[in-house]
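Below you'll find the structure, written out as structure tokens, and then a few comments.
Just so it is clear, none of the values below were taken in a lab; they were calculated from the coordinates. Owing to the predicted nature of the structure, the values given are computational and were not obtained by experimental measurement. We place every Cβ from the backbone using ideal geometry, glycine too, and count neighbours over all the protein chains shown.
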Amino acid sequence: MYRYIIKRVLLAILTVFIVSAITFFGMNAIPGGPFNKEKAPSAEVQAVLEARYNLDKPVPEQFAIYLKNLMKGDMGVSLKTGREISTVIGESFPISARLGGFAVLIATITGLILGSIAALKRNGIADRIIIFFTTLATAAPSFVLATLLLYVFCIKLGWTPVWSPDEPHYLLPVIALSLYPMAYITRLTKTSMLDALGQDYVRTAKAKGVANHKVIFKHALRNAVIPVITYVGPMTAYTLTGSLVIENIFTIGGLGSKFVSSITNRDYTMIMGTTIFLAAIMVTMNLLTDIVYKIVDPRIKLD
Amino acid sequence: MESNIENMPKKNIFSAQIDVAKFEKATEEEKRQQDVMSESTTFFKDGMKRLMKNPLAVGSMIFLILIVLVILIAPKVVPYSYSQINTVNGVRDKGAKNMKPFEYSELEQKYMAEGGKVFPHIMGTDEQCRDYFIRVVYGTRVSLSIGLVASVMVLIIGLLYGSISGYFGGRVDLVMMRIVDIIYSLPDLLMVILLSVVLGATITPLIEGTSLAKIGTNLIALFIVYALLYWVGMARLVRGQILTIKSNDYVLAARATGAKSGRIIRKHIIPNCISVIFISTALQVPSAIFTESYLSFLGLGVSAPMPSLGSLANYAREGLVSYPYKLIFPAVVIILIVLSFNLLGDGLRDAFDPKLKK
């Protein structure tokens, strides 16, 4: 177990390193630096600026300097706004995390309930309705859903106001963000629940005369949850870090929209900072999932 | 007769020394038991028969064929271009802006009153006076071809990599799978966005003047990203399949009876994993269409004026309040295409996966 964890942690660090290397060298391969504006500063000013941000050194050396600073927790300052990257991330990440946290919670709970209902009432009317809507939801891109929600409930019906930083309304973005994972979890739960209900231990429990709800919760659902966990882990990372598209549509100033705007602004340090931060979160979530998976189901062999 | 056999020298005690007299002739009824009741069938025919019994899969297939027919025929029938402003009788029609479905502009109405024929704008026009139906048709073309090309690329790279890794095994396999592990753990959407920005900017000068320039740098970048990142799932699948099938008892039995590697690959490994690989390719198409539409939505997809379903949906956001149908049309097409591919993939899996046979 410990050997496995150490191996995975090393792989995770390597992954984050590779992500930062790809990003760093990729960014530098783009023609046109951050100071190439229409009104180009004079050559002296440019030289001073480049020296200040170490842009005059060879690219591998710049990368080494960057990594060294990163170890100290210093991600540098944004080339566009001059603000500390860590402050910007510190401001925008909580918004994304709150949004993503709600979405994960709603998606997992509703998904588990709907999936269990569909499995228990197999081929019944409830099952058919649930499967119809979840199939539809997995086929709709989230930007379509989000835009439609925004159009219908904000603009046409006026039930919820549009997002503003002072008065955040989480309802619509959370629904838009949670629909796809909810549909996916529902289908996943249904399959694994059906599988669990057909197992011998469920039949034994029923034969012993265990109450129906106990069979469902203690024997079937507990085992059916295992595949769901493998999905929820990585999904949490994606939603916590903020869906790029949803934040864009609802104009929420979370980490996702910061990432997109930094790319369009060609803000190298900002791109580096957000990418490494997002990658680190995703890799950590994957790692945690695998470890939790092992704890929940001792039958699983690691490696 | 009987004594003959008893007296025969038992040189080889395992050879069959059959005494014919000890056997009875089969009755007519017993002979009939040997009759073949159903026609012999191949793996493919058997699967197709089961697929045809699945109404959802058949419906999806019909819908996809219809879509392909429409995107092939419509550009020949509809007299509008996806990139050009609407013209009436050779005159540019600046009044045909943001029209509703089946609405005619003043110029067109005048022309029709004079006896001219105007092809109806089935989905209206966009803010640059272009026929929206033909743009949706071309958008579907672009999105579908991206989906197909990307899936085939993933299939080829994944198949080669996975089978080499699974076939050689040992140290080669270990190293190759570590590489896959690392690529697999990269956050894919982040990498796709980053790489398409980087590649989009770097390959522009490289392809200038060549026929590739027509496709657009963003699209090429998207394909390169797919070729770089998305094959790992397929490679893992192929390798896993080969490893499991290789260790099956029937392969051991075939080897024991003297089958050569070629025969084992042809008769045992390929038929047993081809369906899984094929289905996973079919399910890759909607995922590629999704990815492209996300990138187009963020402004990193196909370059204007070429439309894709994602970029059409993106442009439609600006006038959403006044012209919601501009979002509805491409959105419905994306949903239906993805839905059909998903249902068809599920149907294929149910029909062709030998492990699900009852």
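A few points about this structure:
- Dipole magnitude of the range A:91-266 about its Cα centre (Cβ charges: Lys, Arg +1; Asp, Glu -1), debye to nearest 20: 820 debye
- Rg/Rg_ref, the range B:264-324, where Rg_ref = 2.2 N^0.38 Å and atoms are Cα: 1.81
- Filter on A:K156/B:K110; B:K97/B:K117; B:K31/B:K267; A:K258/B:K326; B:K45/B:K267 - keep pairs with C-alpha separation over 25 Å: A:K156/B:K110; B:K31/B:K267; A:K258/B:K326
- Legend: translational diffusion of the range A:91-266 by Stokes-Einstein, Rh = Kirkwood radius over C-alpha pairs, 20 °C, 1.002 mPa s; D = 122 µm²/s.
- Relative intensity, log₁₀ I(q)/I(0), of the protein assembly as shown from a Debye sum that treats every alpha carbon as a point, q = 0.07, 0.08 Å⁻¹: -0.59, -0.74
- Estimated vicinal HN-Hα couplings, Hz - the range B:239-252 in sequence order (Karplus 6.51, -1.76, 1.60; Gly, Pro = x): 4, x, 4, 5, 5, 5, 5, 4, 8, 6, 5, 5, 5, 4
- Per residue, the convex hull spanned by the Cα atoms of the range B:85-129 amounts to 58 cubic angstrom.
- Kirkwood Rh and Cα Rg combined as Rg over Rh, evaluated for the range B:19-148: 1.52
- Nearest-20 debye value, the range B:85-129 charge dipole, Cβ charges on Lys, Arg, Asp, Glu: 60 debye
- Principal-axis analysis of the Cα atoms of chain B puts helix B:132-168 at an angle of about 30° to the longest axis.
- Taking the fewest neighbouring Cβ atoms within 10 Å as the starting point, the ordered list for A:Y151, A:Y4, B:Y315 is A:Y4, A:Y151, B:Y315.
- Each Cα pair under 8 Å and six or more residues apart adds its separation to the average, and for chain B the resulting relative contact order is 21 percent.
- Centroid-to-centroid separation of the range B:111-163 and the range B:336-352 [C-alpha atoms, Å]: 22 Å
- Reported to the nearest whole Å, the Cα centre-to-centre distance from the range A:122-191 to the range B:47-66 is 28.
- For the residues of A:143-155, the average number of beta carbons from a partner chain within 10 Å of their own beta carbon is 4.
- Rg and Dmax, both from the Cα atoms of the range A:198-303 and both in Å, are 20.9, 67.
- Using only the C-alpha atoms, the convex hull of chain B corresponds to 228 Å³ per residue.
- Reduced Cα scattering model of the range A:69-172, Debye log10 I(q)/I(0), q = 0.16, 0.20 Å⁻¹: -0.95, -1.13
- For the range A:1-140, the Kirkwood estimate of hydrodynamic radius, built from reciprocal distances between every pair of different alpha carbons, is 20.4 Å.
- Under a 5 Å amide H cut-off, with hydrogens placed 1.01 Å from N, B:V88 pairs with B:D93 among residues at least 5 apart or on other chains.
- Sequentially through the range B:67-77, phi angles give Karplus couplings (6.51, -1.76, 1.60; θ = phi - 60°) of 4, 4, 4, 4, 6, 7, 8, 3, x, 7, 8 Hz, Gly and Pro residues having no value and appearing as x.
- Chain B: most fluctuating residue of B:E127, B:E108, B:E24 per GNM, C-alpha cutoff 10 Å: B:E24
- Sequence-distant aspartates and glutamates (8 or more away, or on other chains) whose Cα lies within less than 18 Å of A:K121: A:D195
- For the range B:59-121, chymotrypsin sites (Phe, Trp or Tyr not before Pro) are listed when DSSP marks them as loop and at most 13 other Cβ atoms sit within 10 Å of their Cβ; the list is B:F102.
- For chain A, the relative contact order comes to 28 percent (Cα pairs under 8 Å, sequence separation of at least 6).
- Whole-Hz Karplus values for the range A:6-21 come out as 4, 4, 5, 5, 4, 4, 5, 5, 4, 4, 4, 4, 5, 4, 5, 5 Hz, taken residue by residue from phi with 6.51 cos²θ - 1.76 cosθ + 1.60 and θ = phi - 60°; glycine and proline positions read x.
- Among A:S20, A:I131, A:I30 the positive-end extreme of the charge dipole of the range A:1-157 (Cβ point charges): A:I131
- Using Cβ point charges alone (K and R +1, D and E -1), the dipole size of chain A about the Cα centre works out to roughly 1440 debye.
- Positive-end extreme of charge dipole, the protein assembly as shown - chosen from B:A253, B:T41, A:F93 (charges on Cβ): B:A253
- Peptide A:6-12 shows a mean partner chain C-beta count of 1 within 10 Å per residue C-beta.
- Binned Cα-Cα distances of chain A, short to long, each 10 Å bin given as a whole percent: 6, 21, 25, 23, 15, 7, 3, 1, 0
- Helix B:270-297 axis versus longest C-alpha principal axis of chain B: approximately 10°, rounded to the nearest ten.
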